[in-house]
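Chemist: The following block contains the structure, expressed as structure tokens.
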Amino acid sequence: MATTSLDVNNVLVSCESVWKIFGENSAEAMKAVVERGLTKKQILQDYSCVVGVSDVNLEVRRGEIFCIMGLSGSGKSTLIRLLNKLITPSSGKVLVKGRELSSLNAAELRAVRARQIGMVFQSVALLPHRTVLENTAFGLEVQGVPKAERLKVAEAALTKVGLADWTKRYPDELSGGMQQRVGLARALAADPEIILMDEPFSALDPLIRRQLQDEFRQLTKELGKSAVFITHDLDEAIRLGDRIAIMKDGMIIQVGTAEEIVLNPADDYVAEFVAGISRLHLVKANSVMTPVALYKAAHPNVDVSRLPTTPPDADLDHIIGLAVANDRDAIAVMDAGVITGVITMRDLLRGVQGTANEYAHPVDQALAEVSS
Amino acid sequence: MNVENFPGSFDSTVDAGLEWLSDNGSGLFDAVNDVLKGIYESLLWLFNLPPYYVVAMLIALLGWRLAGPRFAVAALIGMLFCAFIGLWPETMSTLALVVAATLMALLVAIPLGVVAGLLPVLDRMVEPTLDMIQTMPPYIYLLPAIALLGYGTGTALIATFIVALPPAFRLTSLGIRMTPNEFIELGNASGVTGWQMFLKIRLPFAMPSIMAGINQSLMMAFGMVVIAGIVGSGGLGETIYGAIRTLDIAKSINGAIAIVILTMVLDRLAQSAAAAYEGKRP
């Protein structure tokens, strides 16, 4: 962990055993945790302090959308506020582009918040007495950018989120979805590298939410931004996140891609969470296939090279389509011109159920690396 | 010390204290008196500069802009009525008294309220004093003032100033304290300085509360200015007080009507100004 976090170019934000304990005796409680390793429950009993975030390590890499998924009370909102020091950690380090936040003075911290880390809130927090355009320009106004220039930048940001015609309106004239777009435009106008999204779409209705998720993902990728996205909705995390961290009781219990988490949940809690998630678009061919040698051994009379083929990153939906169209009960996985495995009907059905093939796979290796 | 003698000795201590103050601070109190009178007299001069119908028209015009045509007509009729019953000069001195005392009160209460809104410690220190000011009968403030400043406008102004202080202070402090947390977070996450947080976030959210405070202070000042007739404040208060002493019922009722008209007109103007501020957008 320590060596990778020095790689400033690729890791934009990192947390190193970060703790946040709330309460009047939080300093003593923190000390007790370090010295005696008290549990959350003991801390509440002995110090009447609440553990918000407990020993979190994470890295947000350049260009990725990092989702933090957890139910209410899991500490996710606290965690995201530690990343721009709206909340000061009780212990541990938070680094933004290699600089530790707690080592910055007030002016330096303001500069980091103004230029490097933007934030979008669940409540949107648009100033009611300002127009949409003036709200969008708020960050630049704070930085002292001249009026004409900041309004121009704000207008461009509003165009990006599709609100170019609404600049002169006031927040209460906009729908919830539009308000949230203004919130995003406001964060984008200051052109930060990292955007913190604190459950921005939770209060929106499902259709608008999906639309905004797609737009957000597209915009973030297009502009080359990195984002930390908080959500209590696993579907949202899967749609948006390049990587997902699952939080419970202030701890991160698993980090990985959606496929890794669905196929190999770290514990029963995660397993229960992912139980209802459709695997069709998540699970890829190379996670469910039987290695070609094993298949040949079991089916000596099948000519593997005559099977319909699929690339290794095709999803289950695609493979089912292939199997139906060709009326075959086996599909070969072709990676760079070489057949690496075969997907049988049994593999396919297990994949839909959410179980990886039991014979060693890249996913398992990746997971082994992550957890080590 | 004998218990029976206590009231007497307490009284004489207070008397001695006041006497000492007026002996040793006479220069100071004369200066205060002069300043107060100066403010009052400049305002009065200003209000008496144009003829009564012009002032009435100006008030009606302002009412038109802030509260609409119906109020403008009502205000015009009301103000002209004050002139026709022969109480125009008194009405103007009352207006000058109220405006002078309220302005002074706001000048102290709003900045202090802002600081108290930001520093809860100060708020906790000042609150008991304000409670005391608001629970005591208002004419109490006339007594020390008359002892130090003498019979006249200065005393009336000081007493009115004291009574007008609490509402503006309280509501300013409340407004500054009540900034929604999400906007504080927005400010911090955007990298605002302390000043920017105050000017761009706290103050705009506090404005409606501050406006309500200004209006309430104005109303308190009106109440006090009538009572201050007892100490020779001039204006309608003194007219009513004099009429009551000579049992001139008709005149006292005229004075009361003029006070009611003036109060209603100013109250509506202040309320409409606050509403216009909040709704200055379409």
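The values are calculated or read from the model by the stated rules, or taken from the named source; none is laboratory data. Since the structure is predicted, the reported quantities are computational estimates derived from the model, not experimental observations. In this analysis, Cβ positions are derived from the backbone assuming ideal geometry, glycine residues included, and neighbour counts consider all displayed protein chains.
Chemist: Residue under question is A:Gly144, and the condition is that it be surrounded by fewer than 19 Cβ atoms within 10 Å (Cβ to Cβ), within 12 Å of chain B (Cβ to nearest Cβ) and part of a loop (DSSP other than H, G, I, E, B); does it hold?
Modeler: yes
Chemist: Evaluate segment B:233-253: report whether one residue or more is in contact with an Asp or Glu (Cβ under 9 Å, 6 or more places away or on another chain), buried (at least 18 other Cβ atoms within 10 Å of the Cβ) and outside any helix (DSSP H, G or I).
Modeler: The answer is yes, given that some residue of segment B:233-253 is in contact with an Asp or Glu (Cβ under 9 Å, 6 or more places away or on another chain), buried (at least 18 other Cβ atoms within 10 Å of the Cβ) and outside any helix (DSSP H, G or I).
Chemist: Would you mind telling me which numbered condition in (1) within 12 Å of another protein chain (Cβ to nearest Cβ); (2) out of contact with any Gly (no Cβ under 8 Å at 6 or more places or on another chain) A:Asp165 fails?
Modeler: If we test A:Asp165 against (1) within 12 Å of another protein chain (Cβ to nearest Cβ); (2) out of contact with any Gly (no Cβ under 8 Å at 6 or more places or on another chain), just (1) comes out false.
Chemist: If I filter segment A:278-292 down to residues being of a type in the set (A, V, I, L, M, F, W, C), in contact (Cβ under 8 Å) with a residue 60 or more places away in the chain and assigned to a loop (DSSP other than H, G, I, E, B), which single residue comes out as surrounded by the most Cβ atoms within 10 Å (Cβ to Cβ)?
Modeler: Among them, the one singled out is A:Met289.
Chemist: Tell me, please, whether a residue that is facing chain B (nearest Cβ under 10 Å) and hydroxyl-bearing (Ser, Thr, Tyr) can be found in segment A:67-89.
Modeler: No, segment A:67-89 contains no residue that is facing chain B (nearest Cβ under 10 Å) and hydroxyl-bearing (Ser, Thr, Tyr).
Chemist: Quick one: A:Val324 ticks every box in (1) in contact (Cβ under 8 Å) with a residue 40 or more places away in the chain; (2) assigned to a helix (DSSP H, G or I); (3) not polar (S, T, N, Q) bar one, so which box is it?
Modeler: (1)
Chemist: On to the next question. Would you point out the residue of segment B:185-208, among those that are part of a helix (DSSP H, G or I) and within 7 Å of another protein chain (Cβ to nearest Cβ), that is surrounded by the fewest Cβ atoms within 10 Å (Cβ to Cβ)?
Modeler: B:Pro204
Per-residue answers, yes or no, for (1) in the same structural domain as A:Thr344 (by TED's automatic domain parsing); (2) among the polar types (S, T, N, Q); (3) over 30 Å from A:Gln42 (Cα atoms); (4) at pLDDT below 90:
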{"site": "A:Leu212", "(1), (2), (3), (4)": "no, no, yes, no"}
{"site": "A:Gln218", "(1), (2), (3), (4)": "no, yes, yes, no"}
{"site": "A:Ser226", "(1), (2), (3), (4)": "no, yes, yes, no"}
{"site": "A:Met251", "(1), (2), (3), (4)": "no, no, no, no"}
{"site": "A:Ala258", "(1), (2), (3), (4)": "no, no, yes, yes"}
{"site": "A:Ala293", "(1), (2), (3), (4)": "yes, no, yes, yes"}
{"site": "A:His299", "(1), (2), (3), (4)": "yes, no, yes, yes"}
{"site": "A:Val302", "(1), (2), (3), (4)": "yes, no, yes, yes"}
{"site": "A:Leu307", "(1), (2), (3), (4)": "yes, no, yes, yes"}
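Chemist: Kindly indicate whether any position in segment A:46-54 is aromatic (Phe, Trp, Tyr) and either within 25 Å of A:Arg243 (Cα to Cα) or surrounded by fewer than 20 Cβ atoms within 10 Å (Cβ to Cβ) (or both).
Modeler: Checked against the condition, which is being aromatic (Phe, Trp, Tyr) and either within 25 Å of A:Arg243 (Cα to Cα) or surrounded by fewer than 20 Cβ atoms within 10 Å (Cβ to Cβ) (or both), segment A:46-54 yields no hits at all.
Chemist: Pick from A:Ile21, A:Ile80, A:Ile87: which is among the β-branched types (Val, Ile, Thr), surrounded by 16 or more Cβ atoms within 10 Å (Cβ to Cβ) and closer than 25 Å to A:Leu240 by Cα?
Modeler: Answer to the selection: A:Ile80.
Chemist: Quick one: which of A:Ala106, A:Ala114, A:Ala137, A:Ala125 is within 14 Å of chain B (Cβ to nearest Cβ) and over 29 Å from A:Met178 (Cβ atoms)?
Modeler: A:Ala106
Chemist: Pairs needed: first member in segment B:103-127, surrounded by 15 or more Cβ atoms within 10 Å (Cβ to Cβ); second member anywhere, of a type in the set (Lys, Arg); C-beta distance under 6 Å; at least 6 residues apart or different chains.
Modeler: That search, which allows pairs on different chains as well, returns B:Gly117/B:Arg177.
Chemist: Moving on to the next point. Among the residues of segment A:112-131, what is the count of those that are β-branched (Val, Ile, Thr) and part of a loop (DSSP other than H, G, I, E, B)?
Modeler: The number of residues fulfilling the criteria is 2.
Chemist: Exactly one condition in (1) closer than 24 Å to A:Glu59 by Cβ; (2) more than 18 Å from the chain's Cα centre (by Cα); (3) not aromatic (Phe, Trp, Tyr) is not met by A:Gly256; state its number.
Modeler: (2)
Chemist: Against the conditions (1) hydroxyl-bearing (Ser, Thr, Tyr); (2) more than 21 Å from A:Val124 (Cα to Cα); (3) buried (at least 21 other Cβ atoms within 10 Å of the Cβ), where does A:Thr231 fall short? Just the number, please.
Modeler: (2)
Chemist: How about segment A:168-207: which of its residues are free of Cβ contacts under 8 Å to residues at least 40 places away in the same chain and either within 12 Å of chain B (Cβ to nearest Cβ) or not in a helix (DSSP H, G or I) (or both)?
Modeler: Correct list: A:Lys168, A:Arg169, A:Glu173, A:Ser175, A:Phe201, A:Leu204, A:Asp205.
Chemist: Something else now. Only one residue in B:Ala258, B:Ala228, B:Ala274 is modelled with pLDDT under 85 and outside any loop (DSSP other than H, G, I, E, B), so which one is that?
Modeler: From the options B:Ala258, B:Ala228, B:Ala274, the qualifying one is B:Ala274.
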